[in-house]
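The values are calculated or read from the model by the stated rules, or taken from the named source; none is laboratory data. Model, not experiment: these values are computed from the prediction. FYI the Cβ positions are ideal-geometry reconstructions off the backbone, even for glycines, and counts take in every protein chain you see. With ligands, DNA and RNA removed, areas are computed over all heavy atoms of the protein, side chains included. Shrake-Rupley method; radii C 1.70, N 1.55, O 1.52, S 1.80 Å.
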Amino acid sequence: MAPQLSFAVNVHPSDDPWDVLPSLATAPFVDGRLPHTRILSLPDVAQLSDAVPEGVVERHVCSDRWGERLLVRSSGDSSWLALVEFRPAEGATVWLVAATAAEADRTAADIRLRAGAVEEQAGVVPVEFWYHTSRGPRSVSRAIDAPAWTDIQRNYARPVAGLLGDLMARERPTGQGRLVLWHGAPGTGKTTAIRALARNWRSWCKTLFVVDPEAFFGQAEYLLDVLLERGGVERTTLWRLVVVEDVDELLRADARQVSGQALSRLLNLTDGLIGQGLNVLLLLTTNEPVGQLHPAVTRPGRCLMEVSFTALAIAEAALWLGTGHVRPKRALTLAELYALRGDLPAQRVETGPERRGLYL
């Protein structure tokens, strides 16, 4: 018999219904009546009704400028309860509680079937995007296109491709650094490599992307929400790769004076008390040269791998462009190569000393 816990929901007339519904959904789970839970992320749902399971006899709905929340209860002996949150640009998230594990699995399968959830595709990877709002940290899961490493390795200079290839092949690092540091000029392919890494690691590691780095490292509550997945849309036992791009100010040599405690939290996450016991890897990208980075970030033992993204040498760039193009007179970034080949919107690409390019 499920344990009975003391639990009460006190609602005041001034309380926002948007915040009341989650409390009502939590009550039967906390007091033991519905002790089995499932969390579903349905990014492809186009409307709220598509994420509502069969057998609903009671519903409460509220809406705001971001979307809708719906609390639904099953018929009969109330063997399950579901809170559905729908946002037009993000799809739906369903928090489900049920009397038995079998009932939870059956209802979850019914919801997925009604929502038209599709099987995972080889070239698509789910990524959780985290951001801070006035209501605290939030996340949304989106599917992104991710290239195979074998299809893009020619986009990188030979030393860079060698390091990246080794990283792509790694699994579940133990006893090693938890920080992956990528630095290099804009347009050298750091973001493209991140998508390929997410694809290569998807069987044992899920990818989380932090949209607002300053808030993430500047607010301890936000950082812990992401690391511990409090409020995350899908809890699993997988490792997590937390990606934070363009953290130039945080990694510079004067970071402690400029960013305060942010650098300390970063270092504590990689090999301090915060990171102990967590299967978390942190991937940071910056446009700063390695010589201008804070020595505490690049010290031996902290980084699982440090990669300096560089332009392709003249011979590599000529091979990448293929026949029919003028041999370049200098090393070129990946963005410049795409522009020269006409794959990107027109932008002047110099073949002289000055370097220009698009962000990749």
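For this structure, a couple of remarks:
- Placing pseudo-labels 7 Å out from each Cα toward the beta carbon at Asn279 and Asp44 gives an inter-label distance of 2.7 nm.
- Candidates per chymotrypsin sites (Phe, Trp or Tyr not before Pro) in segment 122-217, loop by DSSP, up to 16 other Cβ within 10 Å: Trp204
- One chain, two ends: Arg341 and Asp110. Fully extended at 0.36 nm per residue, the span grows by 78.3 nm beyond their Cα-Cα distance.
- Heavy-atom accessible area order for Val56, Val280, largest first, 1.4 Å probe: Val56, Val280
- Solvent-accessible surface of segment 118-220, averaged per residue with a 1.4 angstrom probe and all protein chains in place: 44 square angstrom.
- Estimated at 0.36 nm per residue, the fully extended path between Asp16 and Arg158 surpasses their Cα-Cα distance by 45.4 nm.
- The calculated FRET efficiency for the pair Asp145 and Asp31, based on their C-beta separation and a Förster distance of 35 Å, comes to about 0.20.
- Taking the C-alpha atoms of segment 170-230, convex hull volume expressed per residue in Å³: 128
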